[in-house]
1. Quick one: length gained pulling Asp208 to Ser285 fully straight, 0.36 nm per residue minus the C-alpha distance?
2. Can you give me the angle between helix 145-164 and the longest principal axis of the chain, using Cα atoms only, in degrees from 0 to 90, rounded to the nearest 10?
3. Can you give me the angle between helix 299-311 and the longest principal axis of the chain, using Cα atoms only, in degrees from 0 to 90, rounded to the nearest 10?
4. With label points built 7 Å along Cα→Cβ from the Cα atoms of Asp63 and Met1, find their separation and express it in nm.
5. Roughly how tilted is helix 250-261, in degrees to the nearest 10 and between 0 and 90, from the longest Cα axis of the chain?
6. Along Cα→Cβ, 7 Å out, is where each label goes; now give me the distance between the ones at Asn298 and Asn182 in nm to one decimal.
7. At 0.36 nm per residue, minus the direct Cα-Cα distance, what do His237 and Glu85 gain on full extension? Give it in nm, one decimal, please.
8. I need the semi-axes of the equivalent ellipsoid of the chain: take the C-alpha gyration tensor, multiply each eigenvalue by 5, square-root it, list largest first in whole angstrom.
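Derivation of every value follows stated rules applied to the coordinates shown; laboratory data play no part. All of these numbers come straight from a predicted model, not from anything done at the bench. Ideal geometry is used to build each Cβ from the backbone, glycine not excepted, and the neighbour counts take in all protein chains shown.
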Amino acid sequence: MTQVHLLLGGCGFVGRHVALLLAKNGHDVVLADRSPIAADFPEGLAGKISWRELDLAKADWADLVRGVDVVHHYAWGSIPATANEKPAGDLLGNVVPTIALLEVLRNLGRERAPRLVFTSSGGTVYGSLQQIPVAEEHPLNPLNAYGAGKATAELYITAYARQYGLDCRVARLSNPYGAGQNLARGQGAVTTFLHRALNREPIVIWGDGEVVRDYIHIADVADGLCALACMDEIGVHNVFNLGSGHGVSLNAVVAQLEAGLGRRLDVRREAARPYDVPVSVLDISRMRDILHWGPRLNLSDGIRRTLSDLEGGRLFSSLG
């Protein structure tokens, strides 16, 4: 059945790839963002995808969600470094608009309100892990303002779902990488390292390089988010870890890049950052068991695909 999907922050890295996959699957997609996308979608799909201007602070949520079946909330105006610098601004700029959206959904009522899918941060909301890999039941104990903001939004979303019967789903996303990632935001170690390596620029690692992350290719991210958004019945759980389920250190990422490129890379090390969580690896059993989803690309395969996309100057990674 064809649905209308509204993607908040839809012109960003995650949104573009989810939009492409939804359109390929026959759905109509509205990208809500500050500016329209700076590249064309593949021929034959552009007619399924439209754009609307979005300013989170001034959004007319009632107008935006009218006629929509699923709202994807990918819009978030900060990263860990900027959130730590201005935590109050992070709260006002991200959490408050999320509550305003929830109020509109509440007023529509459970029968008329669209489904809400929110992307949280699996790498920051858990904080220091008591178990590895970490399951969704792990306590939320963020170590930085970014994680605190995401966790706060999650709590409001879950509270509204329980109190008002709204269909709200949360994806705790690990560390995505791939073609079209905005390197200026300072996120995405794999893509950033690859880009700098291709340009023969030094790679900067904060600390000893033994920080461990769960890296997932954007093609698998899009597939997982579409599965979460489109499945009608998900049972009693509304929070899902979305990652590869495997941890890799920054040093190991560099080693894989060197193997793929066939040469040594220029690596420079800086002092460790206090807001970096030492280890973050997600348990994705719930995604497998309930949504029958699992990643198709391991890190080496994903690096090869990303390398090919970057060399070809592509903004979209192949989702095939």
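1. Values: separation 77, 0.36 × 77 = 27.72 nm, distance 3.06 nm.
Contour length minus Cα-Cα distance gives 24.7 nm.
2. The angle comes out at about 30 degrees.
3. Tilt of helix 299-311: around 90 degrees.
4. Taking the two extended label points, one gets 2.9 nm.
5. 70
6. A separation of 3.3 nm, rounded to one decimal place.
7. Details: separation 152, 0.36 × 152 = 54.72 nm, distance 3.40 nm.
Gain in length upon complete extension: 51.3 nm.
8. On the way: eigenvalues 186, 103, 68 Å².
Semi-axis lengths for the chain are 30, 23, 18 Å.
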